[in-house]
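One structure is given below, represented as structure tokens, and several questions about it will come after.
Where a number appears in this text, it was derived from the coordinates with a stated rule and is not lab data. Only a predicted model underlies this, so the values are computations on that prediction, with no experimental measurement involved. Neighbour counts are summed over all protein chains in view; Cβ atoms, including those assigned to glycine, are modelled from backbone coordinates with ideal geometry.
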């Protein structure tokens with residue numbers, strides 16, 4: 001019997017209610033840290049430390065909020081596994097971290113660089129995973145007072161009242177033209193000619209330039225956006241504000257909540273890396289923890305093309321794959 005069979009719909013509903021309140025409470029703590037940051041008069045009370053690079057940083061807010069969340073979960077659900085960014089970064093291996101057991105996957109402060117600069121796109125991210133799939137997601141951005149949440153079979157919501165997506169119009173028939181593309185520069189800033197950063201920039205150019213440009217790969221998307229938070233990128237895909245999100249390098253806690261919300265809203269999440277046969281390769285749901293993600297917003301059926309919603313999403317996936325470079329974010333067992 002799988003772990004999921006031990007959790008009834010009523011069980012999930014209770015866990016969801018707990019997760020939403022936990023996200024709100026953690027967001028209050030995070031906002032208090034932010035308010036202290038803009039009122040410290042340069043005292044340096046909110047200094048950060050670097051982890052792997054100058055753009056991979058941690059603050060006291062990350063650590064204190066994660067401790068608060070972990071303690072609350074362990075008290076309420078002591079048999080559940082806990083996976084948090086700051087706990088993990090202090091010594092865990094890089095093997096796949098998601099198994100079949102009920103697992104909480106937490107990023108206490110997604111968008112830490114944003115937070116340190118008081119750019120409002122930072123949030124608490126709480127994902128709950130069963131049988132390797134994200135079934136509950138809660139993302140709370142306290143600065144903008146936006147709460148995104150979803151529970152399998154119960155829909156995806158903005159501020160608990162507005163069902164997501166806000167729009168599910170058909171995807172453009174000539175996509176990626178007419179689409180808003182969300183991307184991130186990432187933490188890998190090595191100036192290697194064929195490294196991940198250069199491959200990303202090459203892909204951004206392919207998606208952005210005029211049709212026919214870049215050897216026929218020009219996508220001419222409407223715009224390219226970078227929020228500095230993978231979790232919020234996914235929330236805005238579920239919202240319908242972003243049509244496409246393409247990214248490599250994220251860890252489980254960066255995406256677990258967002259993937260749950262996008263999928264429950266009707267979006268598609270698959271791998272960022274193009275397969276050898278872009279035209280015919282099957283399009284499968286991404287493996288959580290693969291570090292390579294491509295998300296397409298929820299969409300309605302397309303009268304212009306005669307496609308179902310899923311067919312139009314898969315068409316856009318293939319058009320993105322045709323224009324992007326293969327990224328190297330491997331891990332043991334990948």
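Just check the range 213-311 against the gyration tensor rule for me: Cα atoms, a ≥ b ≥ c as the square roots of the eigenvalues, rounded for a/c under 1.5, and otherwise prolate or oblate depending on whether a/b exceeds b/c.
Values: a/c = 1.32, a/b = 1.21, b/c = 1.09.
In terms of gyration-tensor shape, rounded.
By the gyration tensor of its Cα atoms, with a ≥ b ≥ c the square roots of the eigenvalues, what is the shape of the range 147-242: rounded for a/c under 1.5, prolate for a/b over b/c, or oblate? Can you show the working numbers first?
Details: a/c = 3.48, a/b = 1.55, b/c = 2.25.
Note, shape of the range 147-242 comes out oblate.
Which residue, 303, 165, 173, has the most motion in a Gaussian network model of the chain that connects Cα atoms within less than 10 Å?
303
Calculated FRET efficiency, residue 163 and residue 276, Cβ-Cβ r, R0 45 Å, to nearest 0.05?
On the way: r = 39 Å, r/R0 = 0.86.
Once rounded, the FRET efficiency stands at 0.70.
Would you mind calculating the gained length between residue 17 and residue 209 on full extension (0.36 nm times residue separation, minus the Cα-Cα distance), in nm to one decimal? Walk me through the numbers before you get to the answer.
Numbers: separation 192, 0.36 × 192 = 69.12 nm, distance 4.48 nm.
Here the answer is 64.6 nm.
If you line up the long axis of helix 60-76 against the longest principal axis of the chain, both from Cα atoms, how many degrees apart are they, to the nearest 10?
80
Helix 196-208 sits at what angle to the longest principal axis of the chain, using alpha carbons and giving 0 to 90 degrees rounded to 10?
On a 0 to 90 degree scale, this one is about 50.
In percent, what relative contact order does the range 107-195 have, based on Cα pairs under 8 Å that are 6 or more apart in sequence?
Values: 108 pairs, mean separation 12.0, N = 89.
Here the relative contact order equals 13 percent.
How tilted is helix 252-265 with respect to the longest principal axis of the chain? Cα atoms for both, answer in degrees (0 to 90, nearest 10).
It is inclined by approximately 60 degrees.
Pairs of alpha-carbon atoms within less than 8 angstrom and 6+ residues apart define the contacts here; what relative contact order does the chain have, in percent? Display every interim value, and only then the final one.
Values: 704 pairs, mean separation 56.1, N = 334.
Taking the mean separation of contacting Cα pairs over the length of the chain, I get 17 percent.
As a test of the formula, what do you get for the chain when each DSSP H run with n ≥ 4 contributes -39,500 (n - 2.57) and the sum is divided by the residue count, at 222 nm and rounded to the nearest 500 deg cm²/dmol?
For the chain, the value works out to -10500 deg cm²/dmol.
Turning to a different aspect of this structure: Explain nothing, just the number: relative contact order of the range 180-321, from Cα pairs under 8 Å at least 6 residues apart, as a whole percent.
Values: 242 pairs, mean separation 30.2, N = 142.
Normalised by residue count, the contact order of the range 180-321 is 21 percent.
Compare 135, 278, 28 in a GNM of the chain, Cα atoms joined below 10 Å, and give the one with the largest fluctuation.
For the chain, modelled as a Gaussian network with Cα springs under 10 Å, the answer is 278.
Cα centroids of the range 147-222 and the range 246-266: how far apart, whole angstrom?
13
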